[in-house]
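Peer 1: One structure is given below, represented as structure tokens, and several questions about it will come after.
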Amino acid sequence: MSVTKVILPKLGLTMDEGKLVAWRKREGDRVSAGEILFEVETDKATMEVESPAAGVVRKIFIDEGATAPVTTLIAVIADTAEEPLGDLGSESVAPGAIASLSDLARGEAPRSAQVLDLGASAPRSALLGDEAASGERVRSSPAARKRAQELAVDIEKVKGTGPGGRVTLEDVEAYASSSPAATPAAGARPAATGERRVPLTRMRRAIAEAMTRSAQVPQFQVSRDVDMTAADELRKREGVSFTDLLVAACAHALRAHERFRGRSDGDAIVVSDGVHVGVALALDDGLIVPVIRDADRKDLKAIAAERERLQQGARAGKLPADALTGAVFSISNLGTLGVDRFQALVNPPEAAILAVGRISPAKTLALTLSVDHRVADGVDAARFLADVAAWLESGGRPAGS
């Protein structure tokens, strides 16, 4: 007999809370391990989260539409429908005990780390609609209070839609959008005539935070043009896209150049064994980077199928929980929009990103590699880019073959 506690996972470095969009199972339903249990909306996308264990869904603590902090206990799965549940919520999660999926993908989660369940639960305060330990009711989440301060919103005037009337981040933004004439906080600068303030969406905030982190990284760029004649013939023969070719070319280079599978970590470079390549995808409100895992072990058709599956899931608003985590390298392709060449910012903790321009009438393609200088030097970048170019110019044959 056992009881599995399901917590709201941390699906990315910037996620501190999530909105429970839908339960796929109800109380009393049977669920299999690995079966989709619920959908959660993060700052980037709606993710499908699998059940960590098989059994009966005995109790659901968070209703659909509610927002909760990561690590909150949201459900309990038991072996049977009659098994005693005990005193749930009396335990707490130790700091650092919850690992993000990207940590697990890099193989760095500690043995005690948990993503959905390994015996730990959220603090009891999280289960009681944000009741503080002292009994005083906290009406808003930390993210909501921070956002209210940014938008000069008096949070006491915001009606909460979360559990127990809790004010969520979305409540604050909705109030700010519907109250353009709200009184600004002391010291706030009034809006100029003819202007309007448009609150950032969760995705735009996530992008802003990620790019701010990127700006702290000492990075440089190297560029070269590639003859795509042979690559174009390979693309037509295999029935894939140019992006698929680029993923394959980079995957081969990443296997040969381990530094570009690494990241800076204090006084060391941590190198991933997996070749997981992210491909930037533009959405209406920004961009996300779905990850093609073990790209070096996939042929072109498998890469194309995986990319299409991820893109369709992203545009439909539903992705598997690990779809946006664990990349060691990213590709950003603006060539389809007529851009000749550009520089992309490194996406921490990755060491490099490849910016791809359009293919000219002469069949040349401009590639620009941005690199974290703490991880690699110019000569490393030049050799890496040379191997990418060699793979493309040879029609899929790795350098030296």
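The values are calculated or read from the model by the stated rules, or taken from the named source; none is laboratory data. Here the structure is a predicted model, which is why all the values come from computation and not from measurement. As a convention, Cβ positions derive from the backbone with ideal geometry for all residues, glycine included, and neighbour counts pool all protein chains shown.
Peer 1: Taking the stated definitions as given, is ARG196 over 17 Å from ASP294 (Cβ atoms) and in a strand (DSSP E or B)?
Peer 2: It is false that ARG196 is over 17 Å from ASP294 (Cβ atoms) and in a strand (DSSP E or B).
Peer 1: Then there's this: Mind checking which residues of the range 307-337 are free of Cβ contacts under 8 Å to residues at least 40 places away in the same chain, farther than 27 Å from LYS363 by Cβ and surrounded by fewer than 21 Cβ atoms within 10 Å (Cβ to Cβ)?
Peer 2: Within the range 307-337, ARG309, GLN312, GLY313, ARG315, ALA316 meet the criteria.
Peer 1: Going through ASP387, ASP372, ASP340, ASP322 one at a time, which residue ends up being under 24 Å from ALA45 (Cα atoms) and of a type outside the set (Ser, Thr, Tyr)?
Peer 2: Values: ASP387 fails: under 24 Å from ALA45 (Cα atoms); ASP372 fails: under 24 Å from ALA45 (Cα atoms); ASP340 fails: under 24 Å from ALA45 (Cα atoms).
Exactly one residue qualifies, and that residue is ASP322.
Peer 1: Follow-up. When you look at LEU283, is it hydrophobic (A, V, I, L, M, F, W, C) and touching a Pro at 6+ places or on another chain (Cβ under 6 Å), yes or no?
Peer 2: So LEU283 fails the test.
Peer 1: Sort out which residues of the range 215-258 are over 13 Å from TRP391 (Cβ atoms) and of a type in the set (A, V, I, L, M), and write them in order of number.
Peer 2: If the condition is that a residue be over 13 Å from TRP391 (Cβ atoms) and of a type in the set (A, V, I, L, M), then ALA215, VAL217, VAL222, VAL240 are the ones that fit.
Peer 1: Given the residues ALA54, ALA45, ALA22, which is the only one that is more than 20 Å from MET203 (Cα to Cα) and out of contact with any Pro (no Cβ under 6 Å at 6 or more places or on another chain)?
Peer 2: Answer to the check: ALA54.
Peer 1: Any residue at all in the range 356-364 that is buried (at least 23 other Cβ atoms within 10 Å of the Cβ), of a type in the set (A, V, I, L, M) and in contact (Cβ under 8 Å) with a residue 40 or more places away in the chain? Give the steps one after another, and end with the answer.
Peer 2: Taking the range 356-364 as the starting set, the residues that turn out to be buried (at least 23 other Cβ atoms within 10 Å of the Cβ) are 356.
Among the residues that remain, those that are also of a type in the set (A, V, I, L, M) are: 356.
Okay, now just the ones that are also in contact (Cβ under 8 Å) with a residue 40 or more places away in the chain, so 356.
There is at least one residue in the range 356-364 that is buried (at least 23 other Cβ atoms within 10 Å of the Cβ), of a type in the set (A, V, I, L, M) and in contact (Cβ under 8 Å) with a residue 40 or more places away in the chain.
Peer 1: Give the range 132-165 a look and list any residue that's outside any helix (DSSP H, G or I), surrounded by 15 or more Cβ atoms within 10 Å (Cβ to Cβ) and at pLDDT 75 or above, or say none.
Peer 2: Passing the criteria: LEU151, ALA152, VAL153, VAL158, GLY160, THR161.
Peer 1: Shifting gears a bit: Among the residues of the range 368-384, write down those that are over 25 Å from the mean Cα position of the chain (by Cα) and surrounded by 21 or more Cβ atoms within 10 Å (Cβ to Cβ).
Peer 2: The answer is ALA381, PHE384.
Peer 1: Out of all the residues in the range 263-316, which are more than 26 Å from ILE207 (Cβ to Cβ) and charged (D, E, K, R)?
Peer 2: Correct list: ASP267, ASP273, ASP294, ASP296, ARG297, LYS298, ASP299, LYS301.
For (1) over 15 Å from ILE7 (Cα atoms); (2) polar (S, T, N, Q); (3) not assigned by TED's automatic domain parsing to the domain that holds ASP322, each residue gets a yes or a no:
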residue: TRP23; (1), (2), (3): no, no, yes
residue: ARG30; (1), (2), (3): yes, no, yes
residue: PHE38; (1), (2), (3): no, no, yes
residue: SER51; (1), (2), (3): no, yes, yes
residue: ILE60; (1), (2), (3): no, no, yes
residue: VAL70; (1), (2), (3): no, no, yes
